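Engineer: Okay, here's the structure, questions in a sec.
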Amino acid sequence: MTTPLLEVDDLVVEFPMRGLVAKPFRALHGVSIEIAPGETLGLVGESGSGKTTLGRAVLGLAPVRGGSIRFAGEDITRARRSRRRELSRDIQVVFQDPYSSLNPAMTIGAILEEPLRVAGVSRREARDRIRELLDQVQLPVDAIDRMPRNFSGGQRQRIAIARALALRPRMIVCDEPVSALDLSTQARVLDLLISIQESTGVAYLFVSHDLSVVRHISHRVAVMYRGEIVEQGDAVQVTDAPEHPYTRRLLMAAPVPDPARQADRRRERERFLAEVGGR
Amino acid sequence: MTESAVSAPALAPVTSGGGLTRRLLREPMAVGALIVFALIVLASILAPLLTPWDPNRAELSDVLAPPFGEHILGADSAGRDVLARLLYGGRASLLGALIALVVALAIGIPTGLIAGYYQRWFDSLSTWTANLLMSMPGLIVLLAVISVLGPRMYTVMAVFGILLSPGVFRLTRSSVMAVRKELYIDAAKVSGVSDVRIIGRHVLGVVRAPLVIQASMMAGIAIVLQAGLEFLGVGDSTTASWGQMLNDAFTNIYVAPTMLVWPGLMIGITVGSLALFGTALRDAVQGTTSVGKRRRPQGEETVPAPVEVVAESIRPVAEGAPLLLVEGLRVGYPAADGGTTVVVDGVDLRIARGEVHGVVGESGSGKSQTAFSILGLLPVGGEVLEGSIHFDGVDLVSRGRERELLRGSRIGYIPQEPMSNLDPAFTLGWQLVEPMRRHLGLSRSQARTRALDLLDRVGIADPRRTFDAHPHEVSGGMAQRVLIAGAVSCDPDLLIADEPTTALDVTVQAEVLDLLRSLQAERSMGVMLVTHNFGVVADLCDRVTVMQRGRVVESGTANEIFSDARHPYTRMLLDSTLEDASVRPALTPTEAGR
Amino acid sequence: MFFFLVRRVVSGVVLVFAVATITFLLMSLTGGNAARNILGETATEAQVAAKAAELGLDRPILERYLDWLGAALHGDFGTSWFSREPVIESLANRFPVSLSVVTVAVLVTAVLATVLGITAAVRRGWVDRFVQVFAVIGFALPNFWVALILVTIFAVTLHLLPATGYVPITTDPGRWALGLILPVTALVIGTIASTAQQVRGATIDILERDFVRTLRARGISRTSLLFRHVLRNAAGPALTVLSLQFVGLLGGAVIIEKVFALPGIGSLAVNATTQGDLPQILGLVVVMVVLVVVVNLVIDLLTGWLNPKARVS
């Protein structure tokens, strides 16, 4: 086993609530995960499970209360701002909403240039790199001078991926990157992410509510429920033969696109629910 | 299906957006207002060149001299030239407004930026202070200031600037807070962009336009207020100003009422030009000018690119009177160029009694537009251009009145997003009772009993509590159950469900699908189920219609579509589902070691 | 709801206290020699000193402040330095006049703006344009100037309405109303259209909400939809605007009163400030702020009653 790229150990995240006496809201109750270089860990769960919070904590965007986050052996749990900025070379992000994640007032060129310029890349080198990036995400080079509003959801998501790739990071946190996209676009963006991983060796922390999406892109899968990881393991094992009742419930709840098999799954689910008593 | 075959369509043409300034310069109203305002500014600066008279020189012989004599606009009660006072007076008003504006912006913008961006204690403190300033009776405060400092108008206007600053603060703060939630700010943070740079590049640009609008309004308010103070007689009587002139005119209102006109007009035109500029700018920002009620479309139609036709993909249906029959439906929206954008282009749909009919397609396929046409609830501007919709033999397109009667009684509707589809101001029970009383003629208590039964039927554990709850007090899954209860409350024959489970979690979706299935079986309703999810289709539907770019590409029974899809688009969609896609094996050490 | 109310009342009390304190300190620290002002230029130094002692001006500022505060808490705002009248009495005489003008103006604004705003939102077209043009004109013309023009036309030239004067409603409601027509008209010209624009915006916003479509799909009648659901949801923003208008109208009334020679707080305020009459100004400021706080509280309560979600936040 190689040394993990990312190690999250017993992480606790709490959001302060409004008001003086209000108790803080605990979004994560001691979560532990590991990601190896070049690996995809799929993080699956329903709304309020804390999956997005875990991703944001790794990015330094959520208030960590306890536990630790180590990246390439270094403790970055409470990294200072200056260190965080350096970390941006290594850890990047692709968000869910392709509309809000690109500044509508900036050209695609300016959007892609920003991380490069901040990292001290010269304007000329940045231009070259941007061409390379657009090529990598299969967008035409003349996209540079256009505004985000000229692109469809899938194309915007490609631009967001290009921005994440700009500094050649070692890990990308993908927060529901395809859930706002149409079915066919979704499949193409996932394939793009996989091929980028194969060519660059980047690791993904892939957050999604959709088990079939996670199953498609992940090497390993962790299932979250109410701020905790209830099951974690190889993708095949977790998605085909889950052990935890919640994972099983999740799996059986997702309808299969085939009438006969869906009828089976439905019966199976009814049987299961009768066993565990409704919930 | 390879990447290139269905690859992302060619990029949309670059829309001529341009900078805000350029867009603004294309608005005749904005340009006109700016020119007028600039002329007034120029006239007051160049006053010595425009009139030979000293605004303060009093000539006893000229007291209340009539206009068009030696004095073009006459002279006032002290024999001073009205035109000269008007021109020089502009200086006092404009400078006063400028001072107030600069002070307000200098205080409001930085505090608003910091409070909105960093929030925490500074936000609480500054918001509290802003509320304090806003509750002060402004005029009384200014009068108090004058009593302390004497009639120094520019100082007074600076204090007024402080009183105006909460407006700037609040605008800046709320704009920043709105931007701060945008994901591109998070993305910039993750990219290592510093806060100063984020504010400079991403935040300031958003705040700029609203601030200019607010500033033009505030300048107007300041001019009026200054004139008001001078009119009250607490101003500086040694310099000419529009307010002083009004004060003088007021004392002579019975002798020379026309003297009221000039200073009033000057104030009106100056403030009016500022207001018009602000309005024009707001329209330019929002990209809308108020359009009147649209007449029938005149221009050309823009029709979506044609879809490939595969003859045998539309399978024949057994004859007999269907519950719903849509034939040749075309729906269009007015386009910016005066033409019509067609979003539904010749759709045929046939739903039998008791049949669950799935309408599947991606975004832009026109599936929801078709559903809204049946309900007669197309968004503003949308219009059925052609075709017919027959419900149980009644043509819904030509007989709008009957359709209104059918809506809610014989045709039920389940929306997509549960929360936004409930009126936040009314209890859930009220929203259930109101339509039942109208359609079924029930009394209040009868309707209440029925509503409680329905809530129980849709699987709500404590119907009474839910009945009295407001929408924000229940979960999304519960809200969707309430909406379903509402849709079936008047025993409809047809249920139109527009992506009824898309906004729900998977486990809740499964429960809602169960509920829909059992309700449908129990009441043998016809159901039109609009969805993009083939799993949902497989779970519920008897028949399926697949749409692409406003047209039907394939229809048949669910089994036919899933096992024998004939249209390439249907096949592509089915291939895109990930259910049976390969699972990646665990990473081997060698692979990981690269 | 209860805590919401308590919180608002507490913050209102704090606000009144803060404004009173600031005004007191500012005026006491920077004000000129009040005793000299009262006695005039001819008074001797000794007379001035005696006067200052009489008014308590020779005592430390903190002591004076605490004295004033203690008395004010019991409803005693002292006596005017100039007229010798108890402040509370002059306020009691003057405020009803200004309040009638402002209250009537707010009510007229509320009713007409709601009708205009909703019509503009539903019908668009010329009503919409009318409201827009009217708003710009109403904003651009100072209301005291409009008042002057109205006086010139209706009182001086046509002799249709009284130019000046005020009759208490208790004396003769008819003449009270007649006297208010011109002042109220002058005031509302600036507020109706701008409020109507807010109502229009809020209505359009609500009309485009999903739940309106769902309600229509349930077969709710158009009247019920518009006047029950849309209006209730749009009322929040409209009420907020109205509360701001109220504060603005109080200021506007001060100036308007001069035109119509109404015995309201306007002339009281102008006289008190030109003379530096500290007790009088403090009394005015405190009552004004209390009024604003009360109005805001009422508006908050109304909003909370209309829209239960607002109660939580």
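Engineer: Over 20 Å, how big is the tail of the calculated P(r) for segment C:94-275, in percent of all Cα pairs?
Structural biologist: Value for segment C:94-275 (Cα pairs over 20 Å): 59 percent.
Engineer: Ordering C:Ile88, A:Ile159 by accessible area with a probe of 1.4 Å, largest first, what comes out?
Structural biologist: My answer, sorted largest first, is C:Ile88, A:Ile159.
Engineer: Partner chain Cβ atoms within 10 Å, averaged over the residues of B:238-246 - can you pull that number for me?
Structural biologist: 1
Engineer: Further question on the same structure: Provide, as a two-decimal number, the C-alpha radius of gyration of segment C:191-245 over 2.2 N^0.38 Å, N being how many residues it has.
Structural biologist: For segment C:191-245, the normalised Cα radius of gyration comes out at 1.20.
Engineer: Follow-up question, since we're still on this one. Rg/Rh for segment A:102-167 to two decimals, with Rh computed the Kirkwood way over all alpha-carbon pairs.
Structural biologist: Here Rg/Rh amounts to 0.92.
Engineer: So, one more: Quick one: accessible area per residue over the protein assembly as shown, 1.4 Å probe, rounded to a whole number of Å²? Intermediate results must be reported in sequence, preceding the final value.
Structural biologist: Details: 50710 Å² over 1186 residues.
Counting only protein heavy atoms, the per-residue value for the protein assembly as shown is 43 Å².
Engineer: Follow-up. At a 1.4 Å probe, which residues in segment C:130-178 are at least 30 Å² less accessible with all protein chains present than in their chain isolated?
Structural biologist: C:Gln132, C:Val136, C:Phe139, C:Ala140, C:Pro142, C:Phe144, C:Trp145, C:Leu148, C:Thr152, C:Val156
Engineer: For B:Val310 and A:Asp191, FRET efficiency with R0 = 22 Å and r from the beta-carbon atoms, rounded to 0.05? Walk me through the numbers on the way to the answer.
Structural biologist: Working: r = 26 Å, r/R0 = 1.19.
Between A:Asp191 and B:Val310 the formula returns 0.25.
Engineer: How compact and how long is the protein assembly as shown, expressed as Rg and Dmax of its alpha-carbon atoms in Å?
Structural biologist: That works out to 35.2, 114 Å for Rg and Dmax.
Engineer: Hey, what number do you get for chain C at 222 nm if only DSSP H runs of n ≥ 4 count, each worth -39500 (n - 2.57), divided across all residues, to the nearest 500?
Structural biologist: Only helices count here, giving -26000 deg cm²/dmol.
Engineer: Would you tally the net charge around B:Cys490, using a Cβ to Cβ cut-off of less than 13 Å, leaving B:Cys490 out, and scoring K and R as +1, D and E as -1?
Structural biologist: +4
Engineer: Right, next: Counting only helical runs of four or more DSSP H residues, what would the 222 nm mean residue ellipticity of chain A come to if each run contributes -39,500 (n - 2.57) and the total is spread over all its residues?
Structural biologist: Details: 10 runs with 111 residues, N = 279.
It lands at -12000 deg cm²/dmol.
Engineer: Hey, what's the per residue convex hull volume over the C-alpha atoms of segment A:1-145, in cubic angstrom? Don't jump to the answer; show the numbers that get you there.
Structural biologist: On the way: hull volume 24.1 nm³, N = 145.
Spelled out: Cα convex hull of segment A:1-145, divided by residues, is 166 Å³.
Engineer: Something else now. Please compute the average number of Cβ atoms from other chains found within 10 Å of each residue's Cβ in peptide C:56-64.
Structural biologist: Working: counts 0, 0, 0, 0, 0, 0, 0, 0, 0.
Per residue, the number of nearby Cβ atoms from other chains is 0 on average.
Engineer: May I pose another question? Measuring from the lowest to the highest alpha carbon on each principal axis, how far does chain A reach, largest first, in angstroms?
Structural biologist: 65, 49, 45
Engineer: Any idea of B:Leu422's accessible area? Nearest 10 Å², probe 1.4 Å.
Structural biologist: Estimated to the nearest 10 Å², B:Leu422 gives 10 Å².
Engineer: Using the basic label-point model (7 angstrom from Cα toward the beta carbon), what is the A:Asp10 to B:Asp195 distance in nanometres?
Structural biologist: Here the modelled spin labels are 3.2 nm apart.
Engineer: Another question, then. Could you pull the Rg and Dmax for segment A:48-121, using just the Cα atoms, both in Å?
Structural biologist: Calculated on Cα positions, Rg and Dmax stand at 14.3, 40 Å.
Engineer: Sort out for me the Cα centre separation of segment B:339-407 from segment C:168-183, rounded to whole Å.
Structural biologist: 59 Å
Engineer: Ordering B:Ile221, C:Ile255 from largest to smallest accessible area (1.4 angstrom probe), what's the sequence?
Structural biologist: Working: B:Ile221 70, C:Ile255 10 Å².
Result of the area sort, largest leading: B:Ile221, C:Ile255.
Engineer: Let me ask something else about it. Could you work out the relative contact order of segment A:102-167, using alpha carbon pairs under 8 angstrom and six or more residues apart, expressed as a whole percent?
Structural biologist: Relative contact order for segment A:102-167 comes out at 49 percent.
Engineer: Let me ask something additional. With labels modelled as points extended 7 Å from the Cα through the Cβ direction, what inter-label distance (nm, one decimal) is found for C:Asp67 paired with B:Leu64?
Structural biologist: Using points 7 Å along Cα→Cβ, the separation is 5.1 nm.
Engineer: For A:Asp264 and B:Asp348, what does the FRET efficiency come to when R0 = 30 Å and r is the distance between their Cβ atoms, rounded to the nearest 0.05? Write down the numbers at each step before the final one.
Structural biologist: On the way: r = 33 Å, r/R0 = 1.11.
Result of the calculation: an efficiency of 0.35.
Engineer: Looking at the protein assembly as shown, send over the antiparallel percent of its DSSP beta bridges, to the nearest 5.
Structural biologist: On the way: 48 of 88 bridges.
Of the beta bridges lying entirely in the protein assembly as shown, close to 55 percent run antiparallel.
Engineer: For chain B, take the longest principal axis of its alpha carbons; what is the angle in degrees between that and the long axis of helix B:138-149, to the nearest 10 within 0 to 90?
Structural biologist: The angle comes out at about 30 degrees.
Engineer: Residues in segment A:196-224 near a label at A:Phe272, defined as backbone nitrogen under 20 Å from the 7 Å Cα→Cβ point?
Structural biologist: Label zone hits: A:208-218, A:220-224.
Engineer: Take the Cα gyration tensor of segment C:125-225, multiply each eigenvalue by 5, square-root it, and list the three semi-axes largest first, rounded to whole angstrom. Don't skip to the answer; put the middle values down first.
Structural biologist: Working: eigenvalues 306, 70, 20 Å².
Value: 39, 19, 10 Å, ordered largest first.
Engineer: Still on this structure, please answer the following. For Cα pairs less than 8 Å apart in space and 6+ apart in sequence, what is the mean separation divided by the residue count of chain A, i.e. the relative contact order in percent?
Structural biologist: Normalised by residue count, the contact order of chain A is 24 percent.
Engineer: Taking just the alpha-carbon atoms of segment B:415-489, what radius of gyration and Dmax come out, in angstrom?
Structural biologist: 11.1, 31
Engineer: Rank B:Asp498, B:Asp462, C:Asp300 by accessible area, highest first, at a 1.4 Å probe radius?
Structural biologist: The most accessible residue leads, giving B:Asp462, C:Asp300, B:Asp498.
Engineer: Hey, how much of the P(r) for chain C falls beyond 38 Å, as a percent of Cα pairs? Please report the intermediate quantities before stating the final value.
Structural biologist: Working: 14132 of 48828 pairs.
Everything past 38 Å amounts to 29 percent.
Engineer: While we're looking at this one, here's another question. Over segment C:137-241, what is the mean sequence separation of C-alpha contacts under 8 Å (at least six apart), divided by residue count, expressed as relative contact order in percent?
Structural biologist: About 26 percent, as a whole number.
Engineer: Another question about this same structure. Could you tell me how many degrees, from 0 to 90 and to the nearest 10, lie between the Cα long axis of helix B:506-523 and the main elongation axis, the longest principal axis, of the Cα atoms of chain B?
Structural biologist: 60 degrees
Engineer: Counting DSSP beta bridges in chain B, what percent are antiparallel, to the nearest 5?
Structural biologist: 55 percent
Engineer: Rounded to the nearest 5, what is the percent of antiparallel bridges among the DSSP beta bridges in segment A:135-279? Each step should come with its number before you reach the end.
Structural biologist: Values: 6 of 11 bridges.
Among the beta bridges of segment A:135-279, antiparallel pairing accounts for roughly 55 percent.
Engineer: Kindly list the residues of segment A:127-155 that lie in the label zone of A:Thr107, defined by a backbone N under 11 Å from the point 7 Å along the Cα-to-C-beta vector.
Structural biologist: A:142-147
Engineer: As a test question: what accessible area, to the nearest 10 Å², does C:Val106 have when a 1.4 Å probe is rolled over all protein chains in place?
Structural biologist: 30 Å²
Engineer: Could you state how much accessible area C:Ile61 has, in square angstrom rounded to the nearest 10, with a 1.4 Å probe and all protein chains kept in place?
Structural biologist: About 50 Å², ignoring ligands and nucleic acids.
Engineer: Can you compute the charge dipole magnitude of segment C:196-235 about its Cα centre, using +1 on each Lys and Arg Cβ and -1 on each Asp and Glu Cβ, nothing else charged? Give it in debye, rounded to the nearest 20.
Structural biologist: For segment C:196-235, the charge dipole is close to 180 debye.
Engineer: Right, another one. Which value, in debye to the nearest 20, describes the size of the charge dipole of segment C:94-275 about its Cα centre when Lys and Arg Cβ atoms bear +1, Asp and Glu Cβ atoms bear -1, and nothing else is charged?
Structural biologist: The dipole magnitude comes to about 680 debye.
Engineer: I've got another one for you. Which residue, C:Ala18, B:Val285, C:Leu225, has the largest displacement toward the positive end of the dipole of the protein assembly as shown when charges sit on each Cβ (Lys, Arg +1; Asp, Glu -1)?
Structural biologist: Toward the positive end, the furthest listed residue is C:Ala18.
Engineer: List the extent of the Cα atoms of segment A:182-279 along each of their three principal axes, largest first, rounded to whole Å.
Structural biologist: 47, 32, 20
Engineer: Here's another thing I want to ask about it. Can you list, bin by bin at 20 Å, the percent of alpha carbon pairs in chain B, starting at 0?
Structural biologist: Per 20 Å bin, starting at 0, the Cα pair percentages come out as 15, 32, 30, 18, 5, 0.
Engineer: To test your reading of the geometry: what angle, between 0 and 90 degrees and rounded to tens, separates the Cα axis of helix C:45-55 from the longest principal axis of chain C?
Structural biologist: It works out to around 50 degrees.
The values are calculated or read from the model by the stated rules, or taken from the named source; none is laboratory data. Computed from a predicted structure; not experimentally measured. Note: ideal-geometry Cβ built from the backbone for every residue, glycine included; neighbour counts use all protein chains shown. Side chains are part of the model used for accessible areas, which takes the heavy atoms of the whole protein and leaves out ligands, DNA and RNA. Shrake-Rupley method; radii C 1.70, N 1.55, O 1.52, S 1.80 Å.
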